[in-house]
Structures are given as C-alpha cells and as structure tokens.
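Below is one structure, written out as structure tokens; comments come after it.
The values are calculated or read from the model by the stated rules, or taken from the named source; none is laboratory data. Since the structure is predicted, the reported quantities are computational estimates derived from the model, not experimental observations. Cβ sites come from the backbone with ideal geometry, for glycine too, and all protein chains shown count toward neighbours. These accessible areas exclude ligands, DNA and RNA; they are computed on the full protein's heavy atoms, side chains included. Shrake-Rupley method; radii C 1.70, N 1.55, O 1.52, S 1.80 Å.
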Amino acid sequence: SVAVTLGIIAAFILFKNSTDEKVDQLIAGCGDSKIITMCLIYLLAGAFATVTSVTGGVDAVVNLGIENINSSFFPLGIFVIASFLSTATGTSVGCIVALGPIAISLADKSGASLPLIGGALLGGAMFGDNLSFISDTTIAATRTQEVSMKSKFKTNFRIVVPAAIVSTIIYFSLSQHFDTTNFQGKQLVFDLILVLPYLLVFGLAMSGINVIWALIV
C-alpha cells in the first residue's frame, strides 16, 4: 500500500491536468470492472491462504510429503512438494518461506547438496506459481487479457510441464547417489482433511466454475 500511494503521488506530479481531473481519472480507473474483479479475487485468495495456513494446511502438505518420501530422494521430493504447495497456495514466495527451513535441515541431515536442494525448491515453487488458479500474476494476466483461468492453465501446462518432466528425471538420477546414513527422521504429524481445501479449489477451478465461487466455497 505504501508503494501504491507513492506511485499515485508520482503520477499526480508528472501529469499536467488539474487536481480535480486527476482525482476523477484515478477514481474512474479504480472503478473499472476488471480492477474491481481482480481486487475481489485477491481478497478471497488472501482469505483462503490465511485460513488454510492458520488451520495447519501448509504444515499438513509439507509433513505429508516429507513423511512419504525416501530420504535418498530428497531433491526430487522437495521439487514435488514445492510444486504442489505453490500451485495450491498461489504463491511461490510463500512456498519457499514455508518449505525453505525444512529443506535446509533435510539437506544438512541427509548429506544432500544444499544448492541442489535450493534449486529444487525454487524450481518447484515457480512451476506451481505458473499453474495456480489463485496466483496474483495469474489473476492479473487473465483479467487484463480477457481470457479464462482454464485457458491460461492449459497454455501454461504445455509450456512448463516438459521442463518439469526433464527436471524430475534429473533429480531422480541424482538423488540415488546421496549418502543418507546420517539422516535421523522424526515422526511428522499431518491430517489429510487439511489438504482437501487445496484439492477442492483446484478441482472446482478446473471444472470451469468461476474462481470467485471456488474460493467462496
């Protein structure tokens, strides 16, 4: 909000119209149907992300993934978990923040390469953010270009999935060479029901329902 305010002030200074005209143009622009629709989706997406995070959804996804991957396949596992988490939450940065400390700890305990684990985390996070229905960039792109979320997903799917397949093969081949004898795992707690909201939003959006209704549900 600070950056937006500074941008508006800069625009008021740069343009030569009267203050009243500038205010009228600002309000008319803010009231544009595309802008208002984007704001509504942003609000709902933010509420969805906050609720699922507070109820333990993010932790459940991470723990579910960590608990079910073999320690010798951590780079591949981190890539897959990050891909799902960023797709479900619509944020690559949020995914990295949530999974980063765990990924670093796993790299340290398993003897895996930290740069490789970091690369897997970053790649998975960006992969999911590209495909997410509730990503801010997806919302802005689809509303300004007047295309459906489903069409954007299909286009991005064709672009990023080949790269993800190649990455998966590379991570799989490298993972088998890690020495994991020093890894000491611990029992992680997760509740499958906390993962369901993510799957529900994705399923509803894929079915063609308006993303606003998907997020309200």
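Here are a few things to note about the model shown:
Conditions tested, residue by residue: (1) among the polar types (S, T, N, Q); (2) in contact (Cβ under 8 Å) with a residue 60 or more places away in the chain; (3) within 24 Å of residue 172 (Cβ to Cβ); (4) in a helix (DSSP H, G or I).
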{"position": "26", "(1), (2), (3), (4)": "no, no, no, yes"}
{"position": "44", "(1), (2), (3), (4)": "no, yes, no, yes"}
{"position": "49", "(1), (2), (3), (4)": "no, yes, no, yes"}
{"position": "52", "(1), (2), (3), (4)": "yes, yes, no, yes"}
{"position": "88", "(1), (2), (3), (4)": "no, yes, yes, yes"}
{"position": "93", "(1), (2), (3), (4)": "no, no, no, yes"}
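- Qualifying residues in the range 102-153 (those that are of a type in the set (Phe, Trp, Tyr) and part of a helix (DSSP H, G or I)) - the one modelled with the highest pLDDT: 127
- Selection status of residue 156, of a type outside the set (Gly, Ala, Ser), modelled with pLDDT of 85 or more and over 24 Å from residue 51 (Cβ atoms): yes
- Complete set of residues in the range 72-89 that are open to solvent by less than 30 Å² (accessible area, probe 1.4 Å), more than 17 Å from residue 161 (Cα to Cα) and not β-branched (Val, Ile, Thr): 72, 74, 75
- Meets criteria (touching a residue at least 12 places away in the same chain (Cβ under 8 Å), in a helix (DSSP H, G or I) and either polar (S, T, N, Q) or within 24 Å of residue 198 (Cα to Cα) (or both)) for residue 81: yes
- Remark: pairs (first residue in the range 109-129, more than 8 Å from residue 82 (Cβ to Cβ); second residue surrounded by fewer than 17 Cβ atoms within 10 Å (Cβ to Cβ) and of a type in the set (Asp, Glu); Cβ separation under 6 Å; 6+ apart in sequence or on different chains) = 111/179.
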